[in-house]
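Working notes, beginning with the structure itself.
Values in this text are rule-based calculations from the coordinates and carry no lab data. None of these values were measured; they are calculated from a predicted model. All Cβ positions, even for glycine, are placed from backbone atoms using ideal geometry, and neighbour counts span all protein chains on display.
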Amino acid sequence: MTDQAPPVYSGPSRVLSGVQPSGALHLGNYLGALVKFTRLQHEMDTFIFVADMHAITVWQDPKLLASQVREIAAAYLASGLDPKKATIFPQSAVPEHAELAWVFNCVARLGWLDRMTQFKDKAGKHKERESVGLYTYPVLQAADILVYKATHVPVGEDQRQHLELTRDIAAKFNHDFEAPAFFPLPEALTEGPGARIMSLRDGAAKMSKSDPSDNSRLNLLDDADTIAQKVRKARTDPDPLPATLEELKDRPEALNLIGIYAALEGRGPAEVLTEFTGQGFGAFKPKLADLAVARLGPVGAEMRRLMADPAEIDRILADGAQRARAAAAPNLAQVKKIVGYWGS
Ligand code: AQP
């Protein structure tokens, strides 16, 4: 008798990812996520959402939320997402995400969520004061992905652990409900330059929208002078740049700036280092500032142009939401049947 190989998911390849409308988009979001979305839309069926349900896990001003959603949509479009190729939509406009999240809340184990480092980082010392939503955020994330049976998820390195949880939830659902290979085990696409851009003020902290210091990040909507000033003020050290990356091991701020330069130019960091070996930051920073302005300036300008016509952004989002619902609804209907809901 031979052991039978477990069945493997055989549906089509699909990309899903999103960004929260929780503040100004920065270089980390751009390189870690947006640039990848734009590339992947030419390779696979692509769904990109604005994660407004995730955003409200921490307080968001209701008067601003809808315009923040439009701003993220504008950033997607300005980065090169084509609404005819990719389905672009607000998460809250597709209720199937929340419905599947409830099922997954009953599949995921408390012990799995207790291990999530992002919750620990965001909650800090006072986790009992945080919303329940912030705690179960990775479960909703699993539903976001699996309601489309997405197979590939382009994200920054910080999201890797959440993707592992998504795989665990998919595998446990398939196993518990005896629905082998019903859900795919999605792959995190984290590789590539820009997967982990660090703060300009602290080489040990990631660049983040919620960092209270605006000088810690380059925002997509910063003007050229602001970008140049932030790069000039970026924390560094007095030593010249060495010949090898190995020698930057204990100089996280310097390593970060080299990494940013490399990611913006689409080169490897070792190659960039070779070009600047022996030079100090007085010489390197103006070159980095020029490069950042050249890359981010046109994206910011296009975002401003798009945001001047909110009705057109709303039209794109409404169309995307309709297409997303059409893709999600049959999968959710199957889940209801598998779970055994009344009337399914
Ligand atoms: N510093 C980063 N380097 C590379 N990628 C990053 N991403 C975020 N920060 C970096 C990636 O951007 C995508 C969208 O992130 P998000 O808005 O969903 O939430 P986040 O990861 O929590 O991003 P922020 O900017 O740090 O927001 P706040 O401060 O609100 O939590 C994801 O793919 C993420 O990996």
Practice prompt. Report, in cubic angstrom per residue, the convex hull volume of the C-alpha atoms of the chain.
Written response: 168 Å³
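What dipole magnitude, in Debye to the nearest 20, does the chain give about its Cα centre under +1 on Lys/Arg Cβ and -1 on Asp/Glu Cβ?
So the magnitude is around 420 debye.
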Worksheet entry | Selection from PHE281, VAL107, PRO154 lying farthest towards where the dipole of the chain points positive, charges on Cβ | VAL107
Practice prompt. May I ask you to evaluate 6.51 cos²θ - 1.76 cosθ + 1.60, the Karplus curve with θ = phi - 60°, for each residue of the stretch 37-54 and list the ³J(HN,Hα) values in order in whole Hz, giving x for glycine and proline?
Written response: 4, 4, 5, 5, 4, 8, 9, 9, 4, 10, 10, 10, 10, 9, 7, 6, 5, 5
Worksheet item: Once Lys and Arg get +1 and Asp and Glu get -1 on their Cβ, which of TYR261, GLY300, LEU248 lies farthest toward the positive end of the dipole of the stretch 214-305?
Response: GLY300
Worksheet item: What is the Cα convex hull volume of the stretch 214-305 when expressed per residue in Å³?
Response: 83 Å³
Worksheet item: Helix 224-233: angle to the longest alpha-carbon principal axis of the chain, degrees 0 to 90, nearest 10?
Response: 80 degrees
Worksheet item: So what's the back-of-envelope 222 nm ellipticity for the chain, counting only DSSP H runs of four-plus at -39500 (n - 2.57) apiece and dividing by all residues, rounded to 500?
Response: -15500 deg cm²/dmol
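Considering only DSSP states other than H, G, I, E and B, which GluC sites (Glu not before Pro) in the stretch 40-128 qualify as loop sites with at most 16 other Cβ atoms within 10 Å?
GLU43
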Worksheet item: Hey, how many Å between the Cα centroid of the stretch 181-257 and the Cα centroid of the stretch 67-104?
Response: 26 Å
Worksheet entry | Percent RCO, i.e. relative contact order, over the chain, from Cα pairs under 8 Å lying at least 6 residues apart | 23 percent
Worksheet entry | Exceeding the 25 Å Cα-Cα cut-off - candidates LYS84/LYS206; LYS120/LYS209; LYS206/LYS230; LYS122/LYS287; LYS63/LYS85; LYS36/LYS120 | LYS84/LYS206; LYS122/LYS287; LYS63/LYS85; LYS36/LYS120
Practice prompt. Can you tell me how much longer the chain between VAL132 and LYS249 gets when fully stretched, taken as 0.36 nm per residue apart minus their C-alpha distance, in nm with one decimal?
Written response: 38.3 nm
Practice prompt. List the relative contact order of the stretch 249-326 as a percent without decimals, with contacts defined as Cα pairs under 8 Å and 6+ residues apart.
Written response: 21 percent
Practice prompt. Taking the Cα centre of the stretch 214-305 as origin, sum charge times position over the Cβ atoms of Lys and Arg (+1) and Asp and Glu (-1), and report the length of that vector in debye to the nearest 20.
Written response: 300 debye
Discussion item. Only four residue types carry charge here, +1 at the Cβ of Lys and Arg and -1 at the Cβ of Asp and Glu. Report the dipole size of the stretch 100-252 about the Cα centre in Debye, rounded to the nearest 20.
Written reply: 360 debye
Item to complete: Collect residues whose amide H, placed 1.01 Å from N in the peptide plane, falls under 5 Å from the amide H of MET198; neighbours closer than 5 in sequence don't count.
Response: MET207
Worksheet item: Given DSSP loops and a limit of at most 10 other Cβ atoms within 10 Å, what is the longest stretch of the chain that contains no such chymotrypsin sites (Phe, Trp or Tyr not before Pro)?
Response: 60-341
Item to complete: Could you tell me which of SER22, ALA228, HIS175 has its Cα farthest along the dipole of the chain towards the positive end, charges placed at Cβ (Lys, Arg +1; Asp, Glu -1), taken about the Cα centre?
Response: SER22
Practice prompt. Would you mind computing, in nm to one decimal, how far apart the modelled labels at ASP176 and ASN215 are, each placed 7 Å from Cα along Cα→Cβ?
Written response: 4.9 nm
